[in-house]
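The values are calculated or read from the model by the stated rules, or taken from the named source; none is laboratory data. Keep in mind that this is a model prediction, so the values were computed, not measured. For accessibility, only protein heavy atoms count, side chains too; no ligands or nucleic acids. Shrake-Rupley method; radii C 1.70, N 1.55, O 1.52, S 1.80 Å.
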Amino acid sequence: MKVFVIISATVALGIGVGVVSIGLKEGGFLTTSDVGGLPELAQVQEQLRPLEACSLTYQMRDKRGQRKHPDAVFIQPCTRGEYISVVIDVPKTWAARGVGFEMTRGSMTEPWEILVEKKEVPFPDLKEALEHFAPLIVASYPERLRERRGGASEMERQLNEQRRMEQERKERAKGSYPE
């Protein structure tokens, strides 16, 4: 019994240390803060509210702590089970200023959470970047989303056709050899 308690305590301590170390890494969940409720960002919230999107990401850190894709915002729609991402091109100038953020929400009716590393990203730069990005996103996202969905539908149709042809080939092969 004592061995079981010691092993369990060691495993729990290891998991706890792992969670804290992941959270404290650059871009980890313990180093980011939600600034979406600030009144200075209300205009951006209103511009982006009607979009059929639940995730916007710009320059968030990867697992190694590096910021990638300084020229694009990645957007994912709210539709459950739909695994597509829309890419909107933006000027690279914001990357040089250290701007990086992630915006998330659970549905189109909820306000955006704007997650940012306060120690890394100056608020005036974040606000200016969001005000610059919002009209670009609003103008091009709906059309790009339609294009991506159309492409996904076409790919699904092609995959279904390939499966059908494979099944037909197998059916033909079953009785095709003389006995």
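Accessible surface calculations at 1.4 Å, restricted to protein heavy atoms, place segment 41-179 at 63 Å² per residue. At q = 0.17, 0.18, 0.19 Å⁻¹, work out log10 I(q)/I(0) for the chain with the Debye formula, treating every Cα as an identical point scatterer and leaving solvent out; two decimals please. Summing over Cα pairs of the chain leads to -1.06, -1.16, -1.25. Using only Cα atoms and rounding to the nearest 10 degrees, what angle (0 to 90) does helix 123-174 make with the longest principal axis of the chain? Once rounded, one gets 10 degrees. Rounded to the nearest 10 square angstrom, M165 shows an accessible area of 100 square angstrom against a 1.4 Å probe. A 1.4 Å probe over all protein chains sorts D71, D34, D125 by accessible area into D34, D71, D125, starting with the largest. Of the solvent-accessible surface of segment 32-169, computed with a 1.4 Å probe and all protein chains present, 53% belongs to carbon and sulfur. Counting only protein chain heavy atoms and rolling a 1.4 Å probe, the accessible areas of T10, T79 rank, largest first, as T10, T79.
Placing K118, K2 in order of accessible area, with the largest value first and a 1.4 Å probe, yields K2, K118. If each DSSP helix of 4+ residues adds -39,500 (n - 2.57) and the sum is divided by the residues in the chain, what number results at 222 nm, nearest 500 deg cm²/dmol? Helix contribution divided over all residues of the chain: -16500 deg cm²/dmol. Below 8 Å between Cα atoms, with a sequence gap of 6+, how large is the relative contact order for the chain in percent? The normalised contact order for the chain reaches 21 percent.
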